[in-house]
Amino acid sequence: MTERKPLMPKATAVWLVSNTALTFEQIAAFCGLHVLEVKGIADGDVAQGIKGLDPVTSNQLTREEIERGEKNPNHVLRLSEMKVDVAQIATAKKSPRYTPLSRRHERPNAVLWLLRNHPELKDSQIMRLVGTTKTTIGQVRDRSHWNSPNLVPQDPVTLGLCSQIDLDAEVKKGARRVEREKKESDRDLPKGGTLLPAEETTEAPRHAEIVTAKEEAPREESEKEEAARVFAKLQQLKSADTTTVDEDE
């Protein structure tokens, strides 16, 4: 069973920020919001125009519970038990995000911010976060948008176009998808051959040098070959002497 949250969490957070000394973490945990979103409410950047809802008068929180939280920053606020059970109606499909008219002209700025800071997001994810169209995203990406020279990257959470929780969820989903695609591409790549060790690559040339040196080294003569060579030399000298005597006569 999921933990119950206030019926109007953002309006309740607006009231708690303005009328209590609770920490941003306590208010965020009680209302189911992100801490940065609560900080944006305190700074006036988020939930502009939303009227605060008193959780005490709506029987969602007691004054004693608020005082315990103010005295102990680690205290977790608990929603009061409702006297009447309200049936939770599960919607089959999430309705499109409604963007106020005053904020719609800032959606291209939010799209530009998401494209620069979170390239892992798909166009469908950006459409869910900002409430824009695929055509607008493509025009902002290739700078063919009619107002491209004047676009300034702006955080969609600061603009109030989406919550920090929704943005974090989409970023995590996109990161998991990119990691999964990277693993699949690495698995499909052909494995290259491994390099041979340096000993093997240098051994063959060194062996060739040894063989070449052996082939170029002069072969030693045997005793019979040496005697035959000397005898032939003597015969050659004797023949030369005989030829010289004949010429003198």
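FYI, it's all coordinate maths here, none of it is from the lab. Please read these numbers as outputs of a predicted model, since none were measured by experiment. For neighbour counting, all protein chains shown are included, and Cβ atoms are generated from backbone atoms with ideal geometry for every residue, glycine included.
Cross-link check: pairs K51/K172; K51/K122; K134/K172 evaluated at a Cα-Cα cut-off of 24 Å; pairs beyond the cut-off: K51/K172; K51/K122. The order of L234, L61, going from fewest to most other C-beta atoms within 10 Å of their C-beta, is L234, L61. Hey, could you get me the Stokes-Einstein D for region 101-186, Kirkwood radius over alpha-carbon pairs, 10 °C and 1.306 mPa s, rounded to whole µm² s⁻¹? Reported coefficient: 119 µm²/s. Exposure proxy ranking for W146, W113, based on other Cβ atoms within 10 angstrom of each Cβ and starting from the fewest, stands as W146, W113.
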